[in-house]
Amino acid sequence: MKTRIALMAAVAALATATLTPDAHAQDASVKVEFELGRSTGSVMLVLFASEADYNTNRPVRNAVIPADATTVSVTFEGLEPGSYAIKSFHDINGNGDMDTNPFGMPIEPYAFSNNALGNMGPASWSEARFTVEGDTVQTLILR
């Protein structure tokens, strides 16, 4: 249930987040690659630049990637070097929501950076956190 709420809040933030680089950003980037089980719908992801933002679902960047292949990717450029974390899910049916079972457990695949796993909720910042210095790649397996 906590995973569903956290991921839904993060996806809701997609409407307010921006894909344009910050005016003070450095020349760092992160490429996020996903290995998908199906090539339908889209992958939704949000990128966070601090633990506080991760915990309150205030992303610095976001993306919706068409799932038109079994491997898809997106690159966020113009990032400041530092710590980041990702929350994502594969919206298989394209309805814009993370679908759940009657108990609130996700039935669509989701992933966190570092392929971290949550325990009865989303992965913690400390498990999902990774460092961006220059060009960085995160390969996530949606489960």
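The values are calculated or read from the model by the stated rules, or taken from the named source; none is laboratory data. On a predicted model such as this, the values are computed, not experimentally measured, just so you know. As a convention, Cβ positions derive from the backbone with ideal geometry for all residues, glycine included, and neighbour counts pool all protein chains shown. Heavy atoms of the whole protein, side chains included, go into the accessibility calculation; ligands, DNA and RNA do not. Shrake-Rupley method; radii C 1.70, N 1.55, O 1.52, S 1.80 Å.
Structure summary
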| quantity | calculated |
| --- | --- |
| About the Cα centre, charge dipole magnitude for region 29-121 (Lys/Arg +1, Asp/Glu -1 at Cβ), debye | 60 debye |
| Arg58 accessible area, 1.4 Å probe, all protein chains in place, Å² to nearest 10 | 120 Å² |
| Solvent exposure ordering (accessible area, 1.4 Å, most first) of Ser42, Ser124 | Ser124, Ser42 |
| Other-chain or far-sequence residues with amide H under 5 Å of Glu108's (modelled H) | Asp99 |
| Vicinal HN-Hα couplings computed from phi for region 37-46 (Karplus, 6.51 cos²θ - 1.76 cosθ + 1.60; Hz; Gly/Pro x) | x, 9, 10, 9, x, 8, 9, 10, 9, 10 |
| Estimated vicinal HN-Hα couplings, Hz - region 70-79 in sequence order (Karplus 6.51, -1.76, 1.60; Gly, Pro = x) | 7, 10, 10, 8, 8, 10, 9, 9, x, 8 |
| Per residue accessible area of region 27-143, 1.4 Å probe, in Å² | 47 Å² |
| Rounded to the nearest 10 Å², the accessible area of Val137 at probe 1.4 Å | 90 Å² |
| Gly118 long-range amide H proximity, modeled H, under 5 Å | Ala123 |
| Cut-off under 5 Å, modelled amide H: who pairs with Ala28 long-range | Gly78, Leu79 |
| Accessible surface of Glu108 - all protein chains present, 1.4 Å probe, nearest 10 Å² | 10 Å² |
| Accessible-area ranking of Asp135, Asp91, Asp53, Asp97, largest first, probe 1.4 Å | Asp135, Asp97, Asp53, Asp91 |
